[in-house]
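Participant: Please find one structure pasted underneath; my questions will follow.
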Amino acid sequence: MIFDPTSLRQSWPAPSNPRPIVTFGAGSIVSDAHFPAYRKAKFPIAGLFDPDREKAEKLAAEWGVTAYASAEEAAAVPDAVFDLATPPNTHAAVLRLLPDGAAVLIQKPMGSDLEAATEILKICREKNLKAAVNFQLRFAPMMLALKDAIAKGWLGEVVDFDAWLALATPWQLWPFLKGLPRIEIAMHSIHYLDLIRQLLGDPRGVHAKTIGHPGHDVAQTRTSAILDYGDTIRCALSVNHDHDFGRKHQACEFRICGTEGAAYLQLGVNLDYPRGEPDILEVRPKGGDEWIAVPLKGSWFPDAFVGRMANLQRYSAGEDEELVSSVEDAWNTMALVEAAYQSSASPATPLQERP
C-alpha cells in the first residue's frame, strides 16, 4: 500500500444546525482565534460579556454582535452554546450561572489547580452540563492528520515523542497572568500534555522541573519534563519561552517516532505569535525511504477552534457519540499537570558524596 498524504483526515464535520454562541470574555484569544474560527465556519455568534464593559463593547462592535450588560443576561440567551474564554479562577462562578443541561466550552486550564478542576467537575455533574475543555490542539489539522496516520499504521508502534520549543513568547498579551503562581505548564504546555495523553494514554507518572527567568517576573517560562510510560515509550518535553535571540535558531516542533515510521511537526503559530508561521507535518511512512510533506488544509489558529466547537455542537445535537476532551477526560490532564508541579517542587535525587 502506498502512503497518500492527502487521504489523512484534517477536519471535523460541521453540525447540521449550528446553535448561537455566547462568549464570556473579550480578551485577545477571542479576537485572535475564537471569533475568527466561528465566523469562518459560519457558526452564529450571538454576543459576548466581559466585566470590562468598554473592552466588551469595542470587540462586539468590531464583530457586529451584542455586548451583554451582565453575565446573567448572557447566560439567559435561549438555545445558546456557551463559550468560556475566561481566566481559570472565574470558570466556576460562570458555570453556576448557566442553565442546567447547557452545552459549554471551558477555556483551559480547567481551573487554577486540581482542586479547582475537581470543583468544576462537580458543578458540571450537578448541573448535567454538556461540558468540554478547550484543548483545541487535538483538533488542529496537523494533529488530526497525525492521529489518522498513527491509526492507519504508517508509523508502526509509537515509541518516542519529543517536544522541543525554543522561542520568545509575548506574555504581555495576557495581563491576567501577572501574579499567578502557575504559568508555563498550566497555561501553555498543558496543550502538549493533553495531546500526548490522547495519543499515548495516561502515563504512570512524570518527572518535571519548571522555572522562571531572571529577565522578567512571569512565574515560570521554562520547563523540562519526562513522562513515564514504562520501558517501551520515551516521552520528553524541552520548553524554553525565553530564547529571544532572533528567529534563526528558534523552534517549536514535535518528533514522533514509531517502530516503522516517523513524523515531524512544526507548530507555526507559536513562532512570532500571534501572526505565526505555517504549520508543518511531514511523515516518513512505513515501507518508505523519504519524508513526505502532508499538504495541510488550515492551521492550529484558527482552524482547531472550528473543530473544537463543531464537536461540542454535534455532541449536543446527538450527531457525535463522543465529546472530545469532556470535563471527565480533561480532569485527567489536570491531574497530570498537578503531578508535574508536585514533581517540580520535590527534591531531585541527590548526588552521592565522594568517599
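Participant: Looking at region 210-275 from every direction and averaging, what is the projected area of its Cα convex hull in nm²? Working shown, then result.
Facilitator: Working: hull surface 24.7 nm².
With every direction weighted equally, the projected area is 6.2 nm².
Participant: Can I ask one more? Could you work out the local net charge near Ala56, counting Lys and Arg as +1, Asp and Glu as -1, over the other residues with Cβ closer than 13 Å to its Cβ?
Facilitator: Working: positive: Arg53, Lys55, Lys58; negative: Asp50, Asp52, Glu54, Glu57, Glu62, Glu73.
Neighbour charge sum, excluding Ala56 itself: -3.
Participant: Now, a different point. At q = 0.22, 0.25, 0.28, 0.29 Å⁻¹, work out log10 I(q)/I(0) for region 29-80 with the Debye formula, treating every Cα as an identical point scatterer and leaving solvent out; two decimals please.
Facilitator: -0.83, -1.03, -1.19, -1.23
Participant: While we're on this one: Quick one: net charge around Asp162, please, counting Lys, Arg +1 and Asp, Glu -1 for every other residue with C-beta under 14 Å from its C-beta.
Facilitator: Details: positive: Arg234, Arg255; negative: Asp160, Glu253.
Within the 14 Å Cβ shell, the charges total 0.
Participant: Okay, next question. If you project the alpha carbons of region 214-355 onto the principal axes, what extent comes out on each, in Å, largest first?
Facilitator: Largest first, region 214-355 extends 66, 40, 39 Å along its Cα principal axes.
Participant: Same structure again: Any idea of Tyr192's accessible area? Nearest 10 Å², probe 1.4 Å.
Facilitator: For Tyr192, solvent-accessible area is about 0 Å².
Participant: Of all DSSP beta bridges located in the chain, what percent are antiparallel, nearest 5?
Facilitator: On the way: 37 of 62 bridges.
Given both bridge residues lie in the chain, the antiparallel proportion sits at roughly 60 percent.
Participant: Computed FRET efficiency, Cβ-Cβ of Ile280 and Asn332, R0 35 Å: what is it to the nearest 0.05?
Facilitator: Values: r = 29 Å, r/R0 = 0.83.
The pair Ile280/Asn332 has a calculated efficiency of 0.75.
Participant: Does a label point 7 Å from the Cα of Glu157, set along Cα-to-beta-carbon, have any residues of region 208-248 with amide nitrogen under 15 Å, and which are they?
Facilitator: Those under the cut-off are 229-234.
Participant: Let me check against my output: what whole-number percent is the relative contact order of region 165-227, with C-alpha pairs under 8 Å and at least 6 apart? The partial results should precede the final answer.
Facilitator: Details: 58 pairs, mean separation 21.9, N = 63.
About 35 percent, as a whole number.
Participant: Points 7 angstrom from Cα along the Cβ direction at Glu115 and Gln198: gap in nanometres?
Facilitator: 3.1 nm
Participant: Here's a follow-up. Which lysines, if any, have their Cα less than 24 Å from the Cα of Lys122, not counting same-chain residues under 8 positions apart?
Facilitator: Lys108, Lys130
Participant: Let me ask another. Can you give the FRET efficiency to the nearest 0.05 for Lys127 and Gln172, using r as the Cβ-Cβ distance and R₀ = 25 Å? Numbers along the way, then the final one.
Facilitator: Numbers: r = 36 Å, r/R0 = 1.43.
For R0 = 25 Å, the calculated efficiency reads 0.10.
Participant: Calculate log10 I(q)/I(0) of region 128-244 for q = 0.09, 0.10, 0.19 Å⁻¹, where I(q) comes from the Debye formula with a single equal point scatterer on each Cα and nothing for solvent.
Facilitator: -0.30, -0.36, -1.12
Participant: Here is a follow-up. Determine, from the Cβ-Cβ distance of Glu260 and Ser346 and an R0 of 41 Å, the FRET efficiency 1/(1 + (r/R0)^6), rounded to the nearest 0.05. Show your work: numbers first, answer last.
Facilitator: Numbers: r = 38 Å, r/R0 = 0.92.
Given R0 = 41 Å and the Cβ-Cβ separation, E is 0.65.
Participant: Let me ask another. Given the options Arg53, Arg138, Arg314, state which has the largest fluctuation in a GNM of the chain using a 10 Å cut-off (strictly under) for Cα springs.
Facilitator: Arg53
Participant: Percent of accessible area on the chain owned by carbon and sulfur, 1.4 Å probe? Display every interim value, and only then the final one.
Facilitator: Details: 8430 of 16230 Å².
Taking all protein chains in place, the chain shows 52 percent carbon and sulfur surface.
Participant: So, one more: Determine the calculated [θ] at 222 nm for the chain from helices alone, applying -39500 (n - 2.57) to every DSSP H run no shorter than 4 residues and normalising by the residue count; nearest 500 deg cm²/dmol. Walk me through the intermediate numbers first.
Facilitator: Working: 9 runs with 96 residues, N = 355.
One gets -8000 deg cm²/dmol as the mean residue ellipticity at 222 nm.
Participant: Right, another one. Give the accessible surface of the chain per residue, rounded to a whole number of Å², with probe radius 1.4 Å and ligands, DNA and RNA excluded. Write down the numbers at each step before the final one.
Facilitator: Numbers: 16230 Å² over 355 residues.
Using a 1.4 Å probe on heavy atoms only, each residue of the chain averages 46 Å².
Participant: Per residue, how big is the convex hull around the C-alpha atoms of region 1-112? Give it to me in cubic angstrom, could you?
Facilitator: 145 Å³
Participant: Along each principal axis of its Cα atoms, how long is the chain end to end? Whole angstroms, biggest number first, please.
Facilitator: Extents along the principal axes, in whole Å: 67, 57, 42.
The values are calculated or read from the model by the stated rules, or taken from the named source; none is laboratory data. This one's a predicted model, so the numbers in the text were calculated from it and none came from an experiment. Neighbour counts are summed over all protein chains in view; Cβ atoms, including those assigned to glycine, are modelled from backbone coordinates with ideal geometry. We work out accessible area using only protein heavy atoms, side chains counted, and drop any ligands, DNA or RNA first. Shrake-Rupley method; radii C 1.70, N 1.55, O 1.52, S 1.80 Å.
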